[in-house]
Amino acid sequence: GISGVLASIALVWSGKNLFQGIAYALNRVLDVPVGRPLLVDILVALVMLPMLGVLLTLATAVPLVISFVAAYGPLKTSALASQIAGYGTGLILIFVVTMGLYTYLPNRRLGLRFGIPGALFVTLAWEIAQIAFALYSTHVNFRHVYGALGAFAALLIWFYYMATIFLFGAELSAQWAAAE
């Protein structure tokens, strides 16, 4: 109904704001003095939102699907190969998403080589952070500290870690490009 339409509009608008914030942060990292005009910035964010949303969903879903097929499908004997393929696909998709953000969001012409060091760092750190956060969250009971908002607090901590990794990767790429 109408509430679903309004919620979808609010979701797209919030996602657009996320990409505008990332573009602003990347412009700061690269010392870009002036961002894009507002309308162009909104259009870039609205184009990047569904593309990267699909890629991030694939990066999350593909390893799960490959593991499920390996566990219950005809290839039960190759569980290790399916896990390697699943995680490898996830790593490649995270690398592609990061490269896309580093290349197309700043208001500066950058070659694809610019984002390679940062995207490699983000890809590896993303996987390490997933493992570390899973271990951390199994040993910490967020409900004792935050009550009913424990899951929300854990989600905010996760977003903070991912944003820190992403911005550190951008700084790494910017410094690498300045050193060349």
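The values are calculated or read from the model by the stated rules, or taken from the named source; none is laboratory data. It should be emphasised that the depicted structure is a prediction, and the values quoted were computed from it without experimental measurement. Neighbour counts are summed over all protein chains in view; Cβ atoms, including those assigned to glycine, are modelled from backbone coordinates with ideal geometry. Heavy atoms of the whole protein, side chains included, go into the accessibility calculation; ligands, DNA and RNA do not. Shrake-Rupley method; radii C 1.70, N 1.55, O 1.52, S 1.80 Å.
Worth pointing out:
- Selection of first residues in the range 26-48 that are within 21 Å of Val97 (Cα to Cα) and open to solvent by 60 Å² or more (accessible area, probe 1.4 Å) and of second residues that are at pLDDT below 85 and in a helix (DSSP H, G or I), restricted to Cβ pairs under 6 Å at least 6 apart or on distinct chains, gives the following pairs, ordered by first then second residue: Leu46/Lys16.
- Meets criteria (β-branched (Val, Ile, Thr), more than 21 Å from Ile131 (Cα to Cα), at pLDDT below 85 and assigned to a helix (DSSP H, G or I)) for Thr57: no
- Thr89 vs. criteria among the hydroxyl-bearing types (Ser, Thr, Tyr), closer than 28 Å to Ile165 by Cα and either modelled with pLDDT of 75 or more or out of contact with any helix residue (DSSP H, G or I) (no Cβ under 7 Å at 6 or more places or on another chain) (or both): yes
- The lone exception for Ile66 - which of (1) buried (at least 16 other Cβ atoms within 10 Å of the Cβ); (2) among the hydrophobic types (A, V, I, L, M, F, W, C); (3) closer than 26 Å to Asn17 by Cα it fails: (3)
- Boolean, Ala129 is surrounded by 14 or more Cβ atoms within 10 Å (Cβ to Cβ), over 30 Å from Ala70 (Cβ atoms) and under 19 Å from the mean Cα position of the chain (by Cα): no
- Sole residue being open to solvent by 50 Å² or more (accessible area, probe 1.4 Å) and either hydrophobic (A, V, I, L, M, F, W, C) or in contact with a strand residue (DSSP E or B) (Cβ under 9 Å, 6 or more places away or on another chain) (or both), chosen from Leu120, Leu93, Leu105: Leu120
- When the range 136-160 is limited to residues that are open to solvent by less than 90 Å² (accessible area, probe 1.4 Å) and β-branched (Val, Ile, Thr), the one that is farthest from Trp126 (Cα to Cα) turns out to be Val140.
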